[in-house]
Structures are given as structure tokens and as C-alpha cells.
Amino acid sequence: MNTVMSNTTLTKERVGRQITSSIAMTVILVTFSMLFASLLLGFTVFRLTSDVWPPMGFERVDLFLPTISTILIAISSFTFWKYEKLFLAVNKERKLWLGFTMALGFSFMVMQAMLWSDLHSKGIYVQDGIFPSIIFSFTWTHAAHVVVAWFLLFYLVPTLKEGISVEKLENRVFNIGKFWHFLGVVWLIMYITIFLF
Amino acid sequence: MAFYEQHIHDAPKTFLSKYIFSYDHKVIGKQFLWYGILFLGIGGMMALMIRWTLAFPGQPFPVIGNFLFPSTGGVVPPDTYAMLFTMHGTIMIFYAITPILIGAFGNYLIPLMIGARDMAFPLLNMLSFHIAVASGVLLLAGLFTPLGAAAGGWTSYPTLSTLIGSPGVGQTLWTLAIFVLGVSSTMGAINYITTIITLRAPGMGYFDMPLSVWGLGLTAILNAIFLPVLGAGCLLLVFDRVFGTAFFLAGAAATSGTGDPILFQHVFWIFGHPEVYILILPAWGIVSDLLSFFARKPAFGAKATALSMTTITILSTIVYGHHMYTTQMSPLLTQSFMTLTMTISIPSAIFFANWLGTIWKGSIRFHSPMLFSLGVVFVFGLGGLTGLYLATVTTDLYLHDTYFVVGHFHYTMAASVLLGGFAAIYFWMPKMFGTMMNEFWAKVHFWITMLGLNGIFMGMMVVGYAGMHRRLYNPFVYEFMERMIPINTFVTWSAITMGLSQIIFVINFVHAVFFKKEKASANPWEVGTLEWTIPSPSPHYNFKEIPVVKCGPHEYGNPNLTGDRDFQYQTEELV
């Protein structure tokens, strides 16, 4: 079969599968959004019912590490986007950009681990009250999703081979990409709500 | 038109690929059916133990009592009583009704009724069942921990469910089990929604789908949106219990640095109110179809029924506060929630009137599925109307947490859904297993169940109205409740009768599945929806040729019918 043909033509079948896969992914992202929205609802309640924030004389979390995390995850979204473009064009450089994304995802996790150990070194532990509870639990939950998404990136390694059929692999790339960008957006919202304000 | 073509795969050969790790939506549906029936039995036994304690306080539970509670000589101990009602509620809602109506019939019916060869994502479907099994194991494991299973009620309110109220591992396992089950149901929901949107047969518009598919689809939407909310609540509860966070510990955040137990109630009911519609919507859809099939008449106002079910789905998301009138909510808020809740009566009345319109002047065939469907009409009517007293703030302040509530939600969630589930099992039995169940014993089963149900739940409403609170181990230590022992005894005898009559069903079912020689015909009920155009039991590929839909699902007695039958298949054209 002529791979060039299959990579460029949009048959009815191919579009149908794309739409099906994107409907399912939309539902999945709605469910994850509801999960994080519920957590943020909890945060909002505690934040609004407390006269001072952070309560109990806690100091705000130093913004240095979370800011670096935000920058890393933002760039990783960009590198994934670049990889996706090059994958559709069956360009050889796609290897590089997927590699960047993996490296950035890994460094994001390192930053998170450093944040937790930094808090511990300042004597702030998860059981010390509602403020550390929120900081730790929310970042844990998000980090757990990032770890899963990071392993999902390895599921994209077959897309780096020579002579692939874009049609067969495109939905995998689109879906994992959407999840990766979604986690970036969630982190940005968490950065603004629980760290900045 | 289906969005893409589903190819016919070879039939699986080995035992494992055929019955355990099957990708086939029909096998997965049957797996869920057995799973649900198993848990229905466990939950039912727990219900009988609860009822026994309320009718005969201090007397040993007959037959198995001595084996289960040796330390008390067979009497249900108070702490076990709390575990029993907690596990009864949890099992019945999440592990019996959900698997039977949504897991079994959702999986089985959606592809067949819309003319597809399988679900959109068969692997996801298989995983959904195996994760549900893992969750069931987690839940039951709680029963074998040193301090016993969860005992904070099925709602699991903190502080009953935090380490202060329940220090045992059982509550942690309960919370994890619900979380894992949520993942399983969400995976199912993703499949259902995608399948309904993308795999309908050519010619099948949304209003050509049978109402069962409407009910199941709307349920899937609610599941996908609201189960994660419960998931978040469970996650934070697990963090509270395992890592020592302070989300649901009582106290003010500013002064003691602790959280808010009421927050869990909000999160729980944001999920919990849609959940009651998650349970009832499939039953509504199935009953709407069956009433039309057996009255030999088109479903009256089928479009209006579908749209009012959709309206209820939307409204159900913004009324959850009516579960929390007694939590010091501001009167402005309680009144808003009351008004919104009352609004649900409008669409409910529309489709209820449509049910009556469907059977009005029909040439009704009183087969067992029809009897069960009519039973649903009766008990759902009663259950729905008693809901008005609980939606009204003034009356709810008195009725809150009494047996009136228990009677109400059992009428709507237990009686209606159970009868709807039985109707579905009797009706789709020939398509699922290729045999018919014995009609005579089905009718005996119906009448005993129907009378038993009403004895139980009507009795509960009466004692509740008289002031008996739920979840009390022995209410009769209070003087004003002493006189309620006889009516409680009546309720218990009704429960025992109804419980025993389920043996009739189990024997009938097992006999039909495994031992019956006589095969059912392809269309024993003379119904025109797509699943009846193929042989019974349906082949593994469902449809050899994907059907082309030319008319609606309820064409009965239409003067424009082609052929000499009083119905026609959805693949046939009207004149």
C-alpha cells in the first residue's frame, strides 16, 4: 500500500475513527476535569471561610520551585505540539521533540519532588493542618496523573519508526497529546489558585 | 450512519477468551448480570438481618445466626448492625443495581438496539468488568478485617467515616472500593456515550432509538460527569484516613487548622442526587419501551418522554441541596433548592402521563415483563409522590432521617429498579440465553414480590411518619416507639416472604439458562426493534449485514403497516 497516499487522504472511514476517538477523549477529559474541579471546590470553600490565608500562621509556599515547574510543563506542551506536527508530516526530527517532551516531563516530576522535600525540610508535613493538606494532596493527585501520562509517552515510541502509517497511529498521538496538554492546564490553574493566591 | 465499519471477527474458541476475557459486549453484559445477581443475594441477606433485628430485638437470627455471630449466641450485635445497613446500602446501589441495569443491560442492549456489531471500545469494556470485580473484592475484604466492614452508613459522612468514627481498615477499604468502582463505571460510560453517538445503524436518528437506549445513554452522561466528583471525595477521605490530612476533620480552618465535615456532604450529594437518576433512568427507558410493546400501541408521546428524561437529567444536577436541609443551610438556599426540586415534577409528570397514555385503550398482553412494567408504574408513582414531602423544607425538617425517607427511596430506587430489572431479564432472556423462562412461575414471582415490596416499604413509611428514625439498633427502647413493634414485625414478615420468593426467580433463571432444552424463537414477543431481527441467542457478530433503519421502534397497529402482522421491524418501510 502506498503510505504517502494513506498519510494524506482523508477517507470517510479515517475521519469516522478520528471523530469517534475524539468524542471518547472529550468524555474522558470531562471526567478528569470534574475530579480536579471537585478538589478545587474544596479549596474554594476553605479559602473563603478562612479570614486569613494561609491559616494557622503558615507562610506562603516559596514560589521559586512551582514557577519553574510551570515553565517546564508549559514548554513540554509546546514540544509535544511540535512533535505532533512533525509526526503528521512524517518528519525525522519528531524523535527529537518527543525526547524533549519526555525530558521536560521528567524534570517537572523532579521539581515536584524537590518542592515536597523543601516543604519537609521547613518542617511542613501533610498532617499539620488544612493548608499543608491542600498543598500536598493536590500536588500528589496531579503528580500521579503526570506519572501515568509520562509512561503513556513511551506508548508513542512506535510512531518514531521508519515507514509508519500515520492513519493507524494518529489517534494515539492526538489522545495522549490532549491528556498531556490537559495536565498542563490543570497545573496552571493549581499554580494560580493554591500557590499564587 | 455509523461513523466507521466494524468488521466481523472470528468467534473465540478457548474457555478463557470466550467467558473470562471476552471482548464481546454480550458476554460482558452477562458477566455483569451474574455479578449483580450474586451481590443482590448478599445485599438481600443483609436486609433480612436488619429487618429481623427491628422486628425481634434480642432474638437470634434463624438458621445462620449462630454461625455468623457466635459471640452473642446468634443475635445481631449493635456494631454489626451498623455494618449491615452500611454494606446493604452500598452493595445494593453500587454492586447490584448498577451492574444489572447499567452493566448488564447497558452492555447487552446498546449495540443490539442501535444495530452495531459491538461497543466502540471492546477492550475498555472488558477492563471495566474486571475492575468492577477487583472493586467487589476490596469491598467484601472489609468484612474480614479485625474491626469489621465500614459502618458509617452508605453516605459515609465524616466524622463517622474518619478515623475518629471508624478506626478500622474496613472504612478505608470501602472508600477505595467505591473509588475503583467509579473508575469502572466511568470506563463503561465513555463506551456507551461514544457507541450511541457513532455506531447507530444507517437511518437511525436519535428519536428512532428505543427509549431504553435513551435511558441508558442519559445515565452514561450522568455517570461520566458526576462519578469523578464522588471519586474526589473518596480520594480526600482516603488521604484523611491514611496520610493524616485534615479535610473532613471538624473545626474551623482559621483557628484549629482543620477542615469541614459538611464539605463531604456537599461533594457526596453533588454526585449523590444524579446517582439516584443514574439508577432509575435505565429502568424508565426499559419500562417506556415494554409498555408500548405489550400494549401493542406506539409509545404515547415517545419524543416527549425522551425529552422529559433529558430535562430530568439536566435538572438532577442542580437540586442536591434537598438532602441537606438540616445542615444549617441558609433559608434562601433551602428555598431555592426546594423550588428547583419541585420543578422536576413537571417532566416526571409528563412521562408518567405518557406511560398511562401508552396503555390507554391498548390491547394489553399480560405477559410477565408487562406485569413487572406495570408494577414499576405503580411503585414509581407512589415513590415519586412521597418525594414531594421530602422536597418541601417544612415537612422535611420533621421527616429527615426517619423511616419515611427509607420507604421513599426504596420505592423509587429499590422497588422500581428491581421490578424494572426483572422485567428486562424476563423480556430479553430469549435473546440473551436462547430460552424462555417459565411464564407461570414468573407470574407467581411477580405477585409475591409486588405484594412483599409494598408491605415492606409502605410499612416503613408509616413507622417513619410516626417518628421512627433510621439506623437505630433498637428503636423500641424509646417509649413512644414501643407500639410500633407489631407494624415492624409485619414489615419483616413481608420482607421474609419477598426474600423467599426470589428463590423462585433464581431456580427459574438457572433452569432456563443451563437446563432448558426447548429453544426460543427469534422473536417470541413479536417486537420490531433491531435485536429481534436476528436469531436467538444472538450470534457473536450480532448482525451479518448492518441493518438499514426505516421506521421508529414502536410501530404497532399503524394503518400504514406493510405485511399482515400488527407490528413491523425497524428495517421495514411504512407505506
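Overview of values
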quantity	calculated
Breaking point among (1) part of a helix (DSSP H, G or I); (2) open to solvent by 40 Å² or more (accessible area, probe 1.4 Å); (3) more than 30 Å from B:Ala189 (Cβ to Cβ), for A:Pro66	(2)
Test: residue in the range B:379-388 that is without any contact (Cβ under 8 Å) to a residue 40 or more places away in the chain and surrounded by fewer than 18 Cβ atoms within 10 Å (Cβ to Cβ)	yes
Among the candidates B:Ser348, B:Ser308, B:Ser373, residue that is in a helix (DSSP H, G or I), touching a residue at least 60 places away in the same chain (Cβ under 8 Å) and surrounded by 21 or more Cβ atoms within 10 Å (Cβ to Cβ)	B:Ser373
Residues being in a loop (DSSP other than H, G, I, E, B) and open to solvent by less than 10 Å² (accessible area, probe 1.4 Å) - total across the range B:411-463	2
Members of the range B:119-172 that are more than 14 Å from chain A (Cβ to nearest Cβ) and among the polar types (S, T, N, Q)	B:Ser135, B:Thr145, B:Thr155, B:Ser156, B:Thr159, B:Ser161, B:Ser166, B:Gln171, B:Thr172
Output for the range A:24-39, where each listed residue is open to solvent by less than 40 Å² (accessible area, probe 1.4 Å) and either closer than 24 Å to B:Asp260 by Cβ or more than 7 Å from chain B (Cβ to nearest Cβ) (or both)	A:Met25, A:Leu29, A:Leu35, A:Phe36, A:Ser38, A:Leu39
Residue match in the range A:101-122 (condition: under 14 Å from A:Val61 (Cβ atoms) and not in a helix (DSSP H, G or I))	yes
One residue from B:Glu526, B:Glu545, B:Glu518 being in contact with a strand residue (DSSP E or B) (Cβ under 9 Å, 6 or more places away or on another chain) and open to solvent by 70 Å² or more (accessible area, probe 1.4 Å)	B:Glu526
Selection within the range A:82-100 - assigned to a helix (DSSP H, G or I), open to solvent by 60 Å² or more (accessible area, probe 1.4 Å) and of a type in the set (A, V, I, L, M, F, W, C)	A:Leu88, A:Leu96, A:Phe100
Residue within the range A:153-163 that is within 13 Å of another protein chain (Cβ to nearest Cβ) and surrounded by fewer than 18 Cβ atoms within 10 Å (Cβ to Cβ) present	no
Filtered residues of the range A:10-23 (kept if at the interface with chain B (Cβ under 7 Å from one of its Cβ atoms) and open to solvent by 20 Å² or more (accessible area, probe 1.4 Å))	A:Glu13, A:Arg17, A:Ile19, A:Ile23
Residue match in the range B:255-269 (condition: at positive phi, within 8 Å of chain A (Cβ to nearest Cβ), open to solvent by 20 Å² or more (accessible area, probe 1.4 Å) and modelled with pLDDT under 95)	no
Residue check, B:Ile196 open to solvent by 10 Å² or more (accessible area, probe 1.4 Å), more than 8 Å from chain A (Cβ to nearest Cβ) and closer than 30 Å to B:Ala302 by Cα	yes
Subset of the range B:351-365 that is of a type in the set (Val, Ile, Thr) and in a helix (DSSP H, G or I) - its residue that is surrounded by the fewest Cβ atoms within 10 Å (Cβ to Cβ)	B:Ile359
Some residue of the range A:48-67 being touching a Leu at 6+ places or on another chain (Cβ under 6 Å) and more than 9 Å from chain B (Cβ to nearest Cβ)	yes
Answer from A:Arg60, A:Arg47 - the residue that is part of a helix (DSSP H, G or I) and either surrounded by fewer than 15 Cβ atoms within 10 Å (Cβ to Cβ) or at pLDDT below 95 (or both)	A:Arg47
Flag for B:Ala246 being among the small types (Gly, Ala, Ser), more than 9 Å from chain A (Cβ to nearest Cβ) and assigned to a loop (DSSP other than H, G, I, E, B)	no
Of residues in the range B:141-178 being surrounded by fewer than 21 Cβ atoms within 10 Å (Cβ to Cβ) and of a type in the set (Phe, Trp, Tyr), the one nearest to B:Met46 (Cα to Cα)	B:Trp154
Hits in the range B:218-243 - residues which are open to solvent by less than 10 Å² (accessible area, probe 1.4 Å) and more than 12 Å from chain A (Cβ to nearest Cβ)	B:Thr219
Helices (runs of 4 or more DSSP H) (entirely within the range B:36-138) containing at least 1 residues that are modelled with pLDDT under 95 and farther than 24 Å from B:Gly421 by Cβ	B:65-68, B:78-90
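The values are calculated or read from the model by the stated rules, or taken from the named source; none is laboratory data. Keep in mind that this is a model prediction, so the values were computed, not measured. Cβ coordinates were reconstructed from backbone atoms using ideal geometry, including for glycine residues, and neighbour counts include every protein chain displayed. Just so you know, the surface numbers come from the protein's heavy atoms only, side chains and all, with ligands and any DNA or RNA stripped out. Shrake-Rupley method; radii C 1.70, N 1.55, O 1.52, S 1.80 Å.
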